[in-house]
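Mind looking over this structure? Questions follow.
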Amino acid sequence: MSAKDDVVEAYQPDRSLKGKLRRRLVRLAHRRPARLDLDRPMVSFSFDDAPATAAETGAAILEARGLKGTFFFAAELADRQGPMGRFAGEAHVRALAAEGHEIACHTYSHLDCGQASGPAALADVARNAQALARWNAPAATTFAYPYGDVSAPAKAALAPRYSLLRALHHGLVEDGTDLNQAPAVGVEGPDGEAIARRWLQAAAARKAWLILYTHDVAEPASAWGCTPGALARLADEAVALGFEVVTVAEGARRAGGAGHKGVRAR
């Protein structure tokens, strides 16, 4: 996404053949294998970019079931209008943190980490940490790459700062999964709920950790979001299947990512 005044416009990351090859190769580099042996499956509900509907409706759906979510904030988007509606702001961060939800990092400017150098990525996340600290959020210990993309230099630079860095390629977090470029499954678009349900069933069968993500939680939802009904049904199904619902930070701790303190404000 790119910001112009108070409106955030849609942005397309590199979709060239070179970009696709780079994304595959980066997944082989700078790996940090998870160490997981679960007695029961885990699932995390996460929200990228933190549209206001995610921070309000999405959080309320989880809270009604005694569950906590992870909200990946890019602070420069705060309170602006975008293709998913208005983005959440300071008041939302304070409210979510007070309810025990995880406030996580999504860079400050929604940076395309696939095009960024290591120093540029570090500078951007440091700026995000400063903004979130002003809003009383604890230091973020998990991270999601905007667009799911990252260059090798940016991955190497960011990896030591976080207990888990999440991408967008489909998969489960199991023993040996790369915590520096962890898979996730999107609940977005007309087939998002059905796809997520299939991955829930796969995670249940394999006693694995599934990270779900979406953006807005609205009726109607944007192309990147889901409806309140879809989120509620998935949360209910996860509980019925015996999943433990954890924040991404808690899942990362159990997967061996503890000890990373995040990027703190200076």
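Pull up segment 36-50, narrow it to residues that are closer than 26 Å to residue 71 by Cβ and more than 17 Å from the chain's Cα centre (by Cα), then point me to the one that is surrounded by the fewest Cβ atoms within 10 Å (Cβ to Cβ).
In this case the residue turns out to be 40.
Kindly indicate whether any position in segment 241-249 is of a type outside the set (D, E, K, R), open to solvent by 50 Å² or more (accessible area, probe 1.4 Å), in contact with a helix residue (DSSP H, G or I) (Cβ under 6 Å, 6 or more places away or on another chain) and modelled with pLDDT of 95 or more. Don't jump to the end; show me each part of the working.
Step one: of segment 241-249, the residues of a type outside the set (D, E, K, R) are 241-243, 245-249.
If we keep only those that are open to solvent by 50 Å² or more (accessible area, probe 1.4 Å) as well, we get 241.
The next check asks that each one be in contact with a helix residue (DSSP H, G or I) (Cβ under 6 Å, 6 or more places away or on another chain); those that pass are 241.
From what's left, modelled with pLDDT of 95 or more: 241.
Yes - at least one qualifying residue is present in segment 241-249.
Residues being in contact with a helix residue (DSSP H, G or I) (Cβ under 8 Å, 6 or more places away or on another chain) and over 22 Å from residue 23 (Cα atoms): count how many of those fall in segment 109-133.
Final tally of qualifying residues: 4.
Would you pick out the residues in segment 61-74 that are closer than 25 Å to residue 134 by Cβ and either open to solvent by 10 Å² or more (accessible area, probe 1.4 Å) or assigned to a strand (DSSP E or B) (or both)?
Selection gives 63, 68, 70, 71, 72, 73.
Give the residues of segment 1-35 that are assigned to a loop (DSSP other than H, G, I, E, B), closer than 15 Å to residue 115 by Cβ and either modelled with pLDDT under 70 or open to solvent by 90 Å² or more (accessible area, probe 1.4 Å) (or both), sorted by residue number.
Correct list: 1, 11, 12, 13, 14, 15.
Looking only at segment 141-155, decide whether some residue is more than 17 Å from the chain's Cα centre (by Cα), more than 21 Å from residue 110 (Cα to Cα) and of a type in the set (A, V, I, L, M, F, W, C).
no
Go through (1) at pLDDT below 95; (2) crowded, with 17+ Cβ neighbours inside 10 Å; (3) over 27 Å from residue 63 (Cβ atoms) one by one and return the number of the condition residue 257 breaks.
The one condition residue 257 does not meet is (3).
In this structure, does residue 181 turn out to be farther than 24 Å from residue 85 by Cα, touching a residue at least 12 places away in the same chain (Cβ under 8 Å) and surrounded by 24 or more Cβ atoms within 10 Å (Cβ to Cβ)?
Numbers: farther than 24 Å from residue 85 by Cα: yes; touching a residue at least 12 places away in the same chain (Cβ under 8 Å): yes; surrounded by 24 or more Cβ atoms within 10 Å (Cβ to Cβ): yes.
Criteria met by residue 181.
What's the number of the condition residue 125 fails, among (1) assigned to a helix (DSSP H, G or I); (2) open to solvent by 20 Å² or more (accessible area, probe 1.4 Å); (3) in contact with a Leu (Cβ under 9 Å, 6 or more places away or on another chain); (4) among the aliphatic types (A, V, I, L, M)?
Result: residue 125 passes all but (2).
Confirm whether residue 173 is under 12 Å from the mean Cα position of the chain (by Cα), closer than 19 Å to residue 250 by Cβ, buried (at least 20 other Cβ atoms within 10 Å of the Cβ) and at pLDDT 95 or above.
no
Moving on to the next point. Inspect segment 131-141 for any residue being without any contact (Cβ under 8 Å) to a residue 40 or more places away in the chain, buried (at least 23 other Cβ atoms within 10 Å of the Cβ) and closer than 25 Å to residue 60 by Cα and give the result as yes or no.
Among the residues of segment 131-141, not one is without any contact (Cβ under 8 Å) to a residue 40 or more places away in the chain, buried (at least 23 other Cβ atoms within 10 Å of the Cβ) and closer than 25 Å to residue 60 by Cα, which makes the answer no.
Ok, one more. Under the condition of being under 13 Å from residue 133 (Cα atoms) and not in a loop (DSSP other than H, G, I, E, B), which residue from segment 92-116 is most open to solvent (accessible area, probe 1.4 Å)?
Looking at residues that are under 13 Å from residue 133 (Cα atoms) and not in a loop (DSSP other than H, G, I, E, B), I get 94.
Residue 82 versus (1) surrounded by fewer than 22 Cβ atoms within 10 Å (Cβ to Cβ); (2) farther than 21 Å from residue 155 by Cβ; (3) at pLDDT below 95: which is the lone unmet condition?
(1)
Something else about it: Give the residue, chosen from 219, 193, 188, that is of a type in the set (D, E, K, R), in a helix (DSSP H, G or I) and within 24 Å of residue 51 (Cα to Cα). I'd like the intermediate steps shown before the answer.
Values: 219 fails: in a helix (DSSP H, G or I); 188 fails: in a helix (DSSP H, G or I).
When all the criteria are applied, what remains is 193.
Residue by residue through segment 179-196, note down the ones that are at pLDDT 95 or above and either over 11 Å from the mean Cα position of the chain (by Cα) or over 13 Å from residue 169 (Cα atoms) (or both).
Scanning segment 179-196 gives 179, 180, 181, 187, 188, 191, 192, 193, 194, 195, 196.
The values are calculated or read from the model by the stated rules, or taken from the named source; none is laboratory data. Values in this document were obtained by computation on a predicted structure and should not be read as measured data. With ideal geometry, Cβ positions are generated from the backbone for all residues, glycine too; neighbour counts draw on all protein chains shown. In case anyone asks, the SASA skips ligands and DNA or RNA and just uses the protein heavy atoms, side chains included. Shrake-Rupley method; radii C 1.70, N 1.55, O 1.52, S 1.80 Å.
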